[in-house]
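Report on the following structure.
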Amino acid sequence: MRGSLWQLGQSIIRRLSEADKKAVARRYFASEADLKKTVLYDFHVAHGGKMVPFAGWSMPIQYKDSIMDSTVNCRENGGLFDVSHMCGLSLKGKDSVSFLEKLVIADVAGLAPGTGTLTVFTNEKGGAIDDSVITKVKDDHIYLVVNAGCRDKDLAHVEEHMKAFKAKGGDVSWHIHDERSLLALQGPLAAPVLQHLTKDDLSKLYFGEFRILDINGATCFLTRTGYTGEDGFEISVPSENALDLAKAILEKSEGKVRLTGLGARDSLRLEAGLCLYGNDMEQHISPVEAGLTWAIGKRRRAEGGFLGAEVILKQLAEGPSIRRVGFTSTGPPPRSHSEIQDEKGNNIGEITSGGFSPCLKRNIAMGYVKSGLHKAGTKAKILVRGKAYDGVVTKMPFVPTKYYKPS
């Protein structure tokens, strides 16, 4: 199981049935000549990175260690991820908050300067266009990061609505931060290691908070957040300083923080119960169905004012017809599109992400089931390659989160 081919296949196709491999390939894969490269590409290769196509980029899926070991090391020590394929952008202008609130479910106006939240861009039917971490830097400056695979459609969506908003006299402009790279430093050593590289006191920066500060001699956007369930940071750094920063982080950790690839990133986020857009959230899935009701601001529930609000507010009042839940199971790990049945063999839903948990040493998965069958402890059957295996609805996160919050 530790062979490189198994690991590569496990990460890229473990969630794919034969029917949807072609669709995903069209969406995420490209010929080698067409692939974009981050400024750390040569650094990845020099450190044994196994590069694969992802969302139009050549990205490391793993390094010299196995995905299993890399996942565990991130939770025990730390992992450094190159996530520069993701798209950072800033909205500026006195109307930037009111503009963004037309597109997302968050109470952006209610955020204090220097704080942020997870949110969802919705369409007219209440479905998810993408999820994003947004930060109110100041009242007239919003910083956000969108997924690499959704970049083109997200930017087109924002631009279309911005043109209409500005035509009515709204004051908002944007800047796409293609001049910057994005690193994610995650795990228990993230804060002590990064503290060596900045004079700012990181103990006063809590989960979800943002600062612009000097790190290793470069002006960085620092957000205390991540995609692993661990304490950690996402660091937007000028691209010309990214390599030096990556080297400095690894050096200050004395080898305990390791370069970590997309394979372990996927295992970590699944253990943390976090959605992967394109698997666990889609254009036809609402934030309520996805279990993200908490991300809909209280004021937004009362006022609406975002795309698809009528559908979403109705679901809040009456309850959704399906719900995202976690599962543990026996047998082979469930895959994306594995059918979920009740104990009588009736179809009740579908798995959207699944795999073997490196930290728990057991199968974990998430998927959607009919409302009423979503309670923890509900028994089910999960079909893998045509055979039914025992599963049980399990509370998420599977691995306890360790976000750094005020005590």
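What are the semi-axes of the equivalent ellipsoid for the range 52-163, taken as the square roots of 5 times the Cα gyration tensor eigenvalues, largest first, in whole Å? Walk me through the numbers before you get to the answer.
On the way: eigenvalues 188, 61, 30 Å².
So the three semi-axes of the range 52-163 are 31, 17, 12 Å.
Between 279, 52, 398, whose Cα lies farthest towards the positive end of the dipole of the chain when Lys and Arg beta carbons carry +1 and Asp and Glu beta carbons carry -1, centred on the Cα centre?
398
Cross-link partners among lysines for residue 361, C-alpha distance below 18 Å, same-chain residues fewer than 8 apart left out?
Output for residue 361: 395.
By accessible area of protein heavy atoms, probe 1.4 Å, what ranking do 352, 117 get, highest first? All intermediate terms of the calculation are to be shown ahead of the outcome.
Numbers: 352 15, 117 35 Å².
Of 352, 117, the descending order of accessible area is 117, 352.
For 271, 76, 209, give the ranking by accessible area with the largest first, probe 1.4 Å.
76, 209, 271
Enter the accessible area of residue 359 (Å², nearest 10), with the probe set to 1.4 Å and all protein chains included.
Surface accessible to solvent at residue 359 totals approximately 40 Å².
May I ask which of 94/138; 102/153; 92/199; 92/402; 256/405 have a Cα-Cα span longer than 21 Å here?
Where the Cα-Cα span goes over 21 Å, the pairs concerned are 92/199; 92/402; 256/405.
Cut-off under 16 Å on the C-alpha distance; same-chain residues fewer than 8 positions from residue 37 excluded. Which lysines are left, in chain and number order?
Within the straight-line cut-off, residue 37 pairs with 50.
Taking every Cα atom in the chain, find the radius of gyration and the maximum pairwise distance Dmax, and write them in Å.
20.8, 63
With just the Cα atoms of the range 321-399, tell me how far they stretch along each of the three principal axes, in Å, largest first.
31, 26, 18
Would you mind telling me which residue in 107, 154, 69 has the biggest mean-square fluctuation in a Gaussian network model of the chain, where springs connect alpha carbons within a distance under 10 angstrom?
Result for the chain, Cα springs under 10 Å: 69 fluctuates most.
If you place +1 on the Cβ of every Lys and Arg and -1 on the Cβ of every Asp and Glu, how big does the dipole about the Cα centre of the chain come out, in debye to the nearest 20?
Result for the chain is approximately 1020 debye, rounded to the nearest 20.
For a quick check of understanding: with a 1.4 angstrom probe and all protein chains in place, what accessible area in square angstrom does residue 36 have, to the nearest ten?
Rounded to the nearest 10, that gives 100 Å².
The values are calculated or read from the model by the stated rules, or taken from the named source; none is laboratory data. No experiment lies behind these values; they were computed from the predicted model shown. Glycine gets a Cβ as well: all are built from the backbone with ideal geometry, and neighbour counts include every protein chain shown. Surface accessibility is based on the protein's heavy atoms, side chains included, excluding ligands, DNA and RNA. Shrake-Rupley method; radii C 1.70, N 1.55, O 1.52, S 1.80 Å.
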